Amino acid sequence: MWLAYVALPPPHLNAWGMLWRLVVRWTATVVMTAVAALAIWVSATSPGSVNWFDLVFAISGWLYSILLTVGVTVAIVRSRRDQKSTKRSPAVG
């Protein structure tokens, strides 16, 4: 439940809530990048056969993390832009 709350932010967040979610997502993406790079490096330098399942699993986890991070970033930026545009609506009269 906690991971879903981080991954799918509610529509109305304050600045600290948005910043916290972005930091968590970008940290997870950096960690997944390191894991994927390590998996590729180990498979390229190992003298034995390549374990394709582990390699594909690491790369697909990295791609999922990238997509989720981009999605959360876009959702937060759009929600902030929508909040600003509703606050600055022109006066009628």
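Pairs linking a residue in segment 36-48 that is more than 13 Å from Gly61 (Cα to Cα) to a residue that is among the hydrophobic types (A, V, I, L, M, F, W, C), with Cβ atoms under 6 Å and 6 or more positions apart or on different chains, are Ser43/Val50; Ser43/Leu55.
Residue count for segment 59-75 satisfying the condition of being free of Cβ contacts under 8 Å to residues at least 24 places away in the same chain and hydrophobic (A, V, I, L, M, F, W, C): 5.
Read the figures in this text as sums done on the coordinates, not as results from a lab. Every value quoted in this text rests on a predicted model; they were computed, and no experiment measured them. We place every Cβ from the backbone using ideal geometry, glycine too, and count neighbours over all the protein chains shown.
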